[in-house]
1. So how far apart, in nm, are the two label points at residue 29 and residue 73 if each is 7 Å from Cα heading toward Cβ?
2. Sort out for me the Cα centre separation of region 12-61 from region 113-138, rounded to whole Å.
3. Could you please state how large a percent of the accessible area of the chain is carbon and sulfur, counting protein chains only and using a 1.4 Å probe?
4. Report relative contact order for region 1-56 in percent, whole number only (criteria: Cα-Cα under 8 Å, sequence separation at least 6).
5. So between residue 53 and residue 135, what do we pick up on full extension, going 0.36 nm a residue minus the alpha carbon distance?
6. Would you pull out the residues with amide H under 5 Å of residue 109's amide H, same chain only if 5 or more places away, H placed 1.01 Å from N?
7. Where only protein heavy atoms count, and the probe is 1.4 Å, what is the accessible area per residue for the chain in Å²?
8. Using protein chains only and a probe of 1.4 angstrom, how many square angstrom of residue 99 are accessible, to the nearest 10?
Amino acid sequence: MLIVMDTNVLVSGLLNGEGKPGKIVDLMLENRFQIAYDNRILGEYEDVLARPELHIHPERARAVIAYIELSGQFMDVSSLPLTFRPDDFQDPCDLPFVEVFLSANAQALVTGNLRHFSTLVNKDLPVYSPARFLELFFPDR
């Protein structure tokens, strides 16, 4: 299974291993699915995980990023498919996640902020909250 993970899910998962995002990070580290990413997404992961106010240990952040690079699927993506326009999305920072999701034909985009991806949700594309993703694909978690 190939998914795109929004940064908020990764951060939440590293901050609280007991919550739904934490379970998703655990599943990723158990190699139960792959993360589709590009350089922009990886850069955002690195930037956000390095924020001192989050108190994520730098070695842990580096290890998770390295794991995603080694086990994930790198996508060389340049733009949105013609069926979408950048102004379809309220936050331009979400465009890399949308572009990788669509280009990779991923089985899910997992986010803690569904409204940022409402254009995809409204087209019945598989965009899920962490709870819904676990419910659909990993009901034992």
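1. Simple spin-label model gives 2.4 nm for this pair.
2. Comparing the Cα centres of region 12-61 and region 113-138, I get a distance of 18 Å.
3. On the way: 3640 of 7390 Å².
About 49 percent, which is the carbon plus sulfur part of the accessible surface.
4. On the way: 50 pairs, mean separation 21.5, N = 56.
Averaging sequence separation for qualifying contacts and normalising by length gives 38 percent for region 1-56.
5. Details: separation 82, 0.36 × 82 = 29.52 nm, distance 3.12 nm.
Here the segment from residue 53 to residue 135 would lengthen by 26.4 nm.
6. Those qualifying (amide H under 5 Å, at least 5 residues apart or on another chain) are 4, 127, 128.
7. Values: 7390 Å² over 141 residues.
So the chain comes to 52 Å² accessible per residue, rounded to a whole number.
8. Near enough 10 Å² of accessible area.
The values are calculated or read from the model by the stated rules, or taken from the named source; none is laboratory data. If you're wondering where the values come from, they're calculated on a predicted model, not measured in any experiment. So basically every Cβ, Gly included, is an ideal-geometry build from the backbone, and we count neighbours across all protein chains shown. Remember, those area values only see protein heavy atoms, side chains included, never the ligands or the DNA or RNA. Shrake-Rupley method; radii C 1.70, N 1.55, O 1.52, S 1.80 Å.
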